[in-house]
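Everything below concerns the one structure shown next.
The values are calculated or read from the model by the stated rules, or taken from the named source; none is laboratory data. Remember, it's a predicted structure, so these values are computed and weren't measured experimentally. Positions of Cβ are backbone-derived with ideal geometry, glycine not excepted, and every protein chain shown enters the neighbour counts.
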Amino acid sequence: MSRFSCTHLLCGFTRLHLARCLAVSFSVMALLMGVCAEAMADRPPAADNSTLIYFPPIGGPQEIGDCTCWSSAYYYNTYTQARDEGLDASTGDPNVICSPRFLFALIAQGWWGAECTEHAMARLADVGCAPVSKHSMSAPWTQWPTEAAWVAALKNRTRRLHKIRADDEVGLEAIKQHIADGGLVVTRADFLSNYGNYGASASGPGIHNRVMYRRDGWHYLRHSICVVAYDDNRSYWDDRDGQTHYGAFLIVNSEGPDWGWYNSTETGDKGFIWIAYTMFLESEFGWYDYDLPVSPCFDNAPYPEVYYHDDRPDYRPTLYAVAGINHNARNLLTFSGGVGPTDAPEFTGPEAIEQTDEGAIPIDDRRRAAVDLTDGAGLIPPGATKNVFISLGVDASAWEEATITSVDFYCDFDGDRVYTNVPATGLPVTVWPGTTGYVSASVTNPLPGDLDGDGCVGHADLGILLADWGCTTGDCSGDCDGDGDTDHADLGILLAHWGEGCE
Ligand SMILES: [Ca+2]
Ligand SMILES: [Ca+2]
Ligand SMILES: [Ca+2]
Ligand SMILES: [Ca+2]
């Protein structure tokens, strides 16, 4: 047996002889840099995150190009959020599983749009993903999510999208380290027909020891998938050089629990496929061979890459808005919002509805959409009042105007997950093609202890508190901490903020 690449030999060498590796000449050192990085990364030789309780049951079957939503919403984000919040996804709990159909409704673009892997991943950062309890996995494909689904999606928002270019050893090592650290990544592939062989029997041309190491046959499937595990010691025999090689990633598929092969435990449900590391290096995996003709798509990088995000730990929104919008083509709308004056905003939020080439799905005000403005909430400190707004742009090519019939802002500045509703006035608003409409409200971040709401913690507030002393009815005018009574804790808060905001 011989290892496929010199770098693998060197990796083994450097693990045993790291000190010598560091002592070699600079020119050799440069050659070994990626190898030394691996040796020093101190990760295990194999890791399989699909064995953890955060991982959902095998999903599928995929249909009409929704593999992007299975890989990014169902597998990747269910796992990411369950791991973040310590939840058990392995039983398929509908309150924990992120719904692939929710994401599909947001990214569907006629015949093509749902196939854009990076776009699907990017939506998780802007919108999040509703749990299955709020948007069923069998909901009609383009059924617009309910307000409850939009709002429930927000807690599953991630932070920024990251990419790892995957056609060199440094990239592969970064992916392995990310998995070793407990993360998953999402990518895509242009599979040929031996992928079908893999599904049926996990054997066939280009496949050995359940590892696919090359593509074979005719064009079969453009496909998004989630990478859940790696194993540096997974061996396979390559018919191209007659040698045994080592190292493969485990990919979870969305073709149900009878497809392909098992995860690293070799038991339980099937639904997985081993992909040799070298398929990334040879650009046989991790990209599409041609451009998808829609925008936004982003999937047309001419080399293999994978995607993941930083998460938002235990995230709950502090400030968001919901809006009732009527229009016949959501793909011609841009729905967002912000903090500050509409003509000079201090913050503008993510695009909850974004303009796309295709996807003319009608929306109406019975299913209001949400936009998360939490990242701008810090601009409204305790005691401050500011303008907040939603914005709706209608593309000039639209055939009809949009109307905004209702807008509510919700804030939870004290973070107790009880929200204050601030309805907007001045509705309805009509937004003509080629223009942007705004709906505003004035939001106050209460100053702790300011019981009369005049922006100053002073004698008047102390008077209210003392007159209410001993109240336990839950609706107490002297209740500064919101726990439903007026007692020493409330007096302590008032005194701690004494004089704040006063002239
Ligand atoms: Ca989170
Ligand atoms: Ca609150
Ligand atoms: Ca006051
Ligand atoms: Ca209290």
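Residue count for the range 212-265 under the criterion of being among the acidic types (Asp, Glu) and under 30 Å from the mean Cα position of the chain (by Cα): the result is 4. The criterion of at least 1 residues that are within 19 Å of Cys411 (Cβ to Cβ) is met, among strands (runs of 3 or more DSSP E) falling completely within the range 287-396, by 319-326, 333-339, 369-372, 385-394. Counting residues in the range 413-421 that are of a type in the set (Phe, Trp, Tyr), away from ligand 4 (no atom under 16 Å from the Cβ), in a loop (DSSP other than H, G, I, E, B) and without any contact (Cβ under 8 Å) to a residue 60 or more places away in the chain gives one or more. No other residue among Gly268, Gly247, Gly182 is assigned by TED's automatic domain parsing to the domain that holds Cys67 and without any contact (Cβ under 8 Å) to a residue 12 or more places away in the chain apart from Gly268. Would you call Ile273 modelled with pLDDT of 95 or more, aliphatic (A, V, I, L, M), assigned by TED's automatic domain parsing to the domain that holds Leu221 and not in a loop (DSSP other than H, G, I, E, B)? So Ile273 fits the description; yes. When only residues in the range 91-131 that are surrounded by 16 or more Cβ atoms within 10 Å (Cβ to Cβ) and hydroxyl-bearing (Ser, Thr, Tyr) count, which is nearest to Ile225 (Cα to Cα)? Out of the qualifying residues, it is Thr117.
Tally up the residues in the range 339-354 that are on the phi < 0 side of the Ramachandran plot and more than 19 Å from the chain's Cα centre (by Cα), please. Of the residues in the range 339-354, 9 are on the phi < 0 side of the Ramachandran plot and more than 19 Å from the chain's Cα centre (by Cα). When we screen Val457, Val431, Val394 for residues that are within 20 Å of Glu503 (Cα to Cα) and buried (at least 19 other Cβ atoms within 10 Å of the Cβ), the only hit is Val457.
Per-residue answers, yes or no, for (1) in a strand (DSSP E or B); (2) closer than 28 Å to Asp375 by Cβ; (3) within 12 Å of ligand 3 (Cβ to nearest atom); (4) in contact with a strand residue (DSSP E or B) (Cβ under 8 Å, 6 or more places away or on another chain):
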residue: Thr430; (1), (2), (3), (4): yes, no, no, yes
residue: Gly449; (1), (2), (3), (4): no, yes, yes, no
residue: Gly453; (1), (2), (3), (4): no, yes, yes, yes
residue: Gly463; (1), (2), (3), (4): no, no, yes, no
residue: Cys471; (1), (2), (3), (4): no, no, no, no
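The set of residues in the range 397-412 that are within 14 Å of ligand 2 (Cβ to nearest atom) and part of a strand (DSSP E or B) comprises Phe409, Tyr410, Cys411. For the range 219-250, taking the residues that are touching an Asp or Glu at 6+ places or on another chain (Cβ under 9 Å) and of a type in the set (D, E, K, R), the one that is surrounded by the most Cβ atoms within 10 Å (Cβ to Cβ) is identified as Asp231. Of the residues contained in the range 442-454, one or more are found to be free of Cβ contacts under 8 Å to residues at least 24 places away in the same chain and either exposed (fewer than 13 other Cβ atoms within 10 Å of the Cβ) or in contact with a Leu (Cβ under 7 Å, 6 or more places away or on another chain) (or both).
Examine the range 422-429 for a residue that is at pLDDT below 95, within 16 Å of ligand 2 (Cβ to nearest atom) and closer than 20 Å to Thr318 by Cα, and state whether such a residue exists. So far as the range 422-429 goes, no, none of its residues is at pLDDT below 95, within 16 Å of ligand 2 (Cβ to nearest atom) and closer than 20 Å to Thr318 by Cα.
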